[in-house]
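The values are calculated or read from the model by the stated rules, or taken from the named source; none is laboratory data. As the structure is a prediction and not an experimental result, all values here were calculated from the model. Ideal geometry is used to build each Cβ from the backbone, glycine not excepted, and the neighbour counts take in all protein chains shown. For the accessible areas, the whole protein counts, side chains as well, though only heavy atoms, and no ligand, DNA or RNA atoms are used. Shrake-Rupley method; radii C 1.70, N 1.55, O 1.52, S 1.80 Å.
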Amino acid sequence: YNYELIFVDDGSSNGIPDFLKRLYFEDERIKLIAFSKNRGQMNALAEGIYYAKGDVVITMDADLQYLPEEIPLFMEKIRQGYDFVGGRRPKKSIRLLSKILTCFSNVVVKAKFNDYGCIYCALKREVADSLFHNGPTLPIKPILVKLAKKTIEIEVTYDKRKYGNSQYSFMKYMCYGLKCIYSFLKWPYLSKN
(Lines give C-alpha, C1' and ligand atoms only; values in the text may rest on other atoms or scores of the structure.)
Protein backbone atom coordinates (compact mmCIF):
# COMPACT_ATOMS: atom_id res chain seq x y z
CA TYR A 1 0.00 0.00 0.00
CA ASN A 2 0.90 3.64 -0.38
CA TYR A 3 0.43 5.05 3.09
CA GLU A 4 1.04 7.96 5.44
CA LEU A 5 1.41 7.98 9.22
CA ILE A 6 -0.11 10.85 11.18
CA PHE A 7 0.88 11.28 14.82
CA VAL A 8 -1.21 13.64 16.95
CA ASP A 9 0.36 14.93 20.17
CA ASP A 10 -2.53 15.97 22.40
CA GLY A 11 -0.62 18.56 24.42
CA SER A 12 1.56 16.01 26.22
CA SER A 13 4.07 17.30 28.75
CA ASN A 14 7.04 15.66 27.02
CA GLY A 15 6.04 16.81 23.54
CA ILE A 16 6.78 14.94 20.35
CA PRO A 17 9.63 12.45 20.85
CA ASP A 18 12.90 13.23 19.08
CA PHE A 19 12.81 10.03 17.05
CA LEU A 20 9.43 11.07 15.54
CA LYS A 21 10.81 14.50 14.67
CA ARG A 22 13.76 12.80 13.00
CA LEU A 23 11.44 10.49 11.04
CA TYR A 24 9.35 13.48 10.01
CA PHE A 25 12.35 15.11 8.34
CA GLU A 26 13.53 11.84 6.76
CA ASP A 27 10.22 10.47 5.44
CA GLU A 28 7.53 12.51 3.70
CA ARG A 29 4.92 9.89 4.70
CA ILE A 30 5.24 10.96 8.35
CA LYS A 31 3.08 13.87 9.54
CA LEU A 32 3.10 15.42 12.99
CA ILE A 33 0.29 17.43 14.57
CA ALA A 34 0.92 19.01 17.97
CA PHE A 35 -1.70 20.70 20.17
CA SER A 36 -0.39 23.42 22.48
CA LYS A 37 -2.65 22.08 25.26
CA ASN A 38 -4.64 18.93 25.90
CA ARG A 39 -7.88 18.97 23.89
CA GLY A 40 -8.99 15.41 24.59
CA GLN A 41 -8.66 12.10 22.80
CA MET A 42 -11.71 12.57 20.56
CA ASN A 43 -10.57 15.97 19.30
CA ALA A 44 -7.10 14.58 18.62
CA LEU A 45 -8.66 11.67 16.76
CA ALA A 46 -10.86 13.99 14.69
CA GLU A 47 -7.82 16.13 13.81
CA GLY A 48 -5.91 13.10 12.55
CA ILE A 49 -8.88 11.98 10.43
CA TYR A 50 -9.30 15.50 9.05
CA TYR A 51 -5.71 15.66 7.79
CA ALA A 52 -5.61 12.09 6.45
CA LYS A 53 -5.52 11.91 2.66
CA GLY A 54 -5.89 8.19 1.93
CA ASP A 55 -8.83 6.21 0.57
CA VAL A 56 -8.91 4.34 3.90
CA VAL A 57 -8.19 5.86 7.31
CA ILE A 58 -7.13 3.64 10.21
CA THR A 59 -7.18 5.08 13.72
CA MET A 60 -5.46 3.76 16.82
CA ASP A 61 -3.78 4.81 20.04
CA ALA A 62 0.01 5.11 19.96
CA ASP A 63 0.57 3.30 23.27
CA LEU A 64 0.70 -0.13 21.58
CA GLN A 65 -2.26 -1.57 23.46
CA TYR A 66 -3.62 -2.30 19.99
CA LEU A 67 -1.39 -4.24 17.61
CA PRO A 68 -0.49 -2.67 14.25
CA GLU A 69 -0.03 -6.25 12.99
CA GLU A 70 -3.83 -6.55 12.96
CA ILE A 71 -4.31 -3.78 10.38
CA PRO A 72 -4.73 -6.43 7.61
CA LEU A 73 -7.86 -7.70 9.44
CA PHE A 74 -9.43 -4.28 9.00
CA MET A 75 -8.28 -3.97 5.39
CA GLU A 76 -9.82 -7.35 4.54
CA LYS A 77 -13.22 -6.14 5.75
CA ILE A 78 -12.83 -2.92 3.76
CA ARG A 79 -12.11 -5.05 0.67
CA GLN A 80 -15.28 -7.00 1.40
CA GLY A 81 -17.30 -3.80 1.00
CA TYR A 82 -17.66 -2.43 4.52
CA ASP A 83 -17.11 1.31 4.81
CA PHE A 84 -16.59 1.32 8.60
CA VAL A 85 -14.84 -1.45 10.55
CA GLY A 86 -14.82 -0.97 14.31
CA GLY A 87 -12.47 -2.75 16.68
CA ARG A 88 -13.90 -4.51 19.72
CA ARG A 89 -11.82 -5.25 22.81
CA PRO A 90 -12.28 -8.58 24.63
CA LYS A 91 -15.24 -8.29 27.04
CA LYS A 92 -13.06 -8.56 30.14
CA SER A 93 -11.14 -5.43 29.05
CA ILE A 94 -14.20 -3.16 28.83
CA ARG A 95 -15.03 -1.04 31.88
CA LEU A 96 -18.56 -0.78 33.23
CA LEU A 97 -18.93 2.92 32.32
CA SER A 98 -17.81 2.16 28.77
CA LYS A 99 -20.45 -0.59 28.57
CA ILE A 100 -23.14 1.84 29.73
CA LEU A 101 -22.10 4.44 27.14
CA THR A 102 -22.10 1.72 24.47
CA CYS A 103 -25.68 0.68 25.34
CA PHE A 104 -26.80 4.31 25.26
CA SER A 105 -25.02 4.96 21.95
CA ASN A 106 -26.59 1.89 20.36
CA VAL A 107 -30.07 3.13 21.26
CA VAL A 108 -29.38 6.55 19.76
CA VAL A 109 -27.67 5.48 16.53
CA LYS A 110 -29.79 2.32 16.15
CA ALA A 111 -26.78 0.03 15.88
CA LYS A 112 -25.54 -3.10 17.63
CA PHE A 113 -21.92 -2.44 18.44
CA ASN A 114 -20.31 -3.86 21.57
CA ASP A 115 -17.49 -1.38 22.13
CA TYR A 116 -17.59 2.32 21.31
CA GLY A 117 -14.58 2.89 23.56
CA CYS A 118 -12.16 1.13 21.19
CA ILE A 119 -10.78 3.64 18.71
CA TYR A 120 -8.97 1.03 16.61
CA CYS A 121 -11.07 1.45 13.46
CA ALA A 122 -10.92 1.62 9.68
CA LEU A 123 -13.12 3.89 7.61
CA LYS A 124 -13.41 4.76 3.96
CA ARG A 125 -12.64 8.24 2.71
CA GLU A 126 -16.31 9.19 2.18
CA VAL A 127 -17.16 8.40 5.81
CA ALA A 128 -14.18 10.47 6.98
CA ASP A 129 -15.25 13.39 4.78
CA SER A 130 -18.88 13.28 5.93
CA LEU A 131 -17.76 13.50 9.56
CA PHE A 132 -16.81 17.15 9.07
CA HIS A 133 -20.05 18.12 7.32
CA ASN A 134 -22.16 17.29 10.35
CA GLY A 135 -20.79 19.35 13.20
CA PRO A 136 -19.85 17.49 16.37
CA THR A 137 -16.68 15.58 17.09
CA LEU A 138 -18.15 13.91 20.18
CA PRO A 139 -18.85 11.06 20.50
CA ILE A 140 -16.82 10.25 17.40
CA LYS A 141 -17.20 6.48 17.01
CA PRO A 142 -21.02 6.42 17.23
CA ILE A 143 -21.11 9.29 14.72
CA LEU A 144 -18.91 7.33 12.31
CA VAL A 145 -21.11 4.25 12.74
CA LYS A 146 -24.18 6.39 11.99
CA LEU A 147 -22.61 7.99 8.92
CA ALA A 148 -21.40 4.71 7.39
CA LYS A 149 -23.67 2.63 5.14
CA LYS A 150 -22.20 -0.80 5.87
CA THR A 151 -20.52 -1.46 9.21
CA ILE A 152 -18.99 -4.38 11.04
CA GLU A 153 -17.19 -4.93 14.33
CA ILE A 154 -14.20 -7.24 14.74
CA GLU A 155 -12.44 -8.38 17.90
CA VAL A 156 -8.90 -7.09 18.32
CA THR A 157 -6.07 -7.90 20.68
CA TYR A 158 -5.87 -5.51 23.61
CA ASP A 159 -2.58 -5.73 25.48
CA LYS A 160 -1.62 -4.27 28.81
CA ARG A 161 -0.35 -0.73 28.54
CA LYS A 162 3.40 -0.77 27.88
CA TYR A 163 4.05 2.92 28.52
CA GLY A 164 2.46 5.58 30.71
CA ASN A 165 -0.85 5.45 32.53
CA SER A 166 -4.46 5.75 31.46
CA GLN A 167 -5.72 9.34 31.49
CA TYR A 168 -9.35 8.19 31.92
CA SER A 169 -10.33 8.63 35.56
CA PHE A 170 -13.89 8.10 36.81
CA MET A 171 -14.54 11.85 36.49
CA LYS A 172 -13.23 11.94 32.92
CA TYR A 173 -15.55 9.06 32.03
CA MET A 174 -18.46 10.95 33.57
CA CYS A 175 -17.59 14.17 31.72
CA TYR A 176 -17.24 12.26 28.46
CA GLY A 177 -20.60 10.60 29.05
CA LEU A 178 -22.27 13.97 29.63
CA LYS A 179 -20.67 15.37 26.47
CA CYS A 180 -21.99 12.37 24.54
CA ILE A 181 -25.53 12.95 25.85
CA TYR A 182 -25.27 16.66 25.00
CA SER A 183 -24.13 15.84 21.45
CA PHE A 184 -26.94 13.34 20.97
CA LEU A 185 -29.51 15.89 22.12
CA LYS A 186 -28.06 18.86 20.26
CA TRP A 187 -27.61 17.16 16.90
CA PRO A 188 -30.84 15.26 16.22
CA TYR A 189 -29.50 13.92 12.89
CA LEU A 190 -27.68 11.31 15.00
CA SER A 191 -30.94 9.65 15.97
CA LYS A 192 -32.56 9.88 12.53
CA ASN A 193 -32.63 6.96 10.09
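Some values worked out for this structure:
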quantity: Answer from VAL107, VAL145 - the residue that is of a type in the set (Val, Ile, Thr) and open to solvent by 40 Å² or more (accessible area, probe 1.4 Å); calculated: VAL107
quantity: Hits in the stretch 1-43 (condition: modelled with pLDDT under 90, open to solvent by less than 70 Å² (accessible area, probe 1.4 Å) and within 16 Å of ALA122 (Cα to Cα)); calculated: MET42
quantity: The stretch 57-70, residues that are modelled with pLDDT of 95 or more, open to solvent by less than 50 Å² (accessible area, probe 1.4 Å) and of a type in the set (A, V, I, L, M, F, W, C); calculated: VAL57
quantity: Residue count, the stretch 60-94 (criterion: farther than 17 Å from ILE6 by Cβ and within 15 Å of the chain's Cα centre (by Cα)); calculated: 9
quantity: Filter pass, ASP83 being open to solvent by 30 Å² or more (accessible area, probe 1.4 Å), in contact (Cβ under 8 Å) with a residue 24 or more places away in the chain and in contact with a helix residue (DSSP H, G or I) (Cβ under 9 Å, 6 or more places away or on another chain); calculated: no
quantity: Count - residues of the stretch 44-56 that are among the charged types (D, E, K, R) and either surrounded by 17 or more Cβ atoms within 10 Å (Cβ to Cβ) or in contact (Cβ under 8 Å) with a residue 60 or more places away in the chain (or both); calculated: 2
quantity: Residue ranges of helices (runs of 4 or more DSSP H) in the stretch 107-193 with at least 3 members touching an Asp or Glu at 6+ places or on another chain (Cβ under 6 Å) and modelled with pLDDT under 85; calculated: none
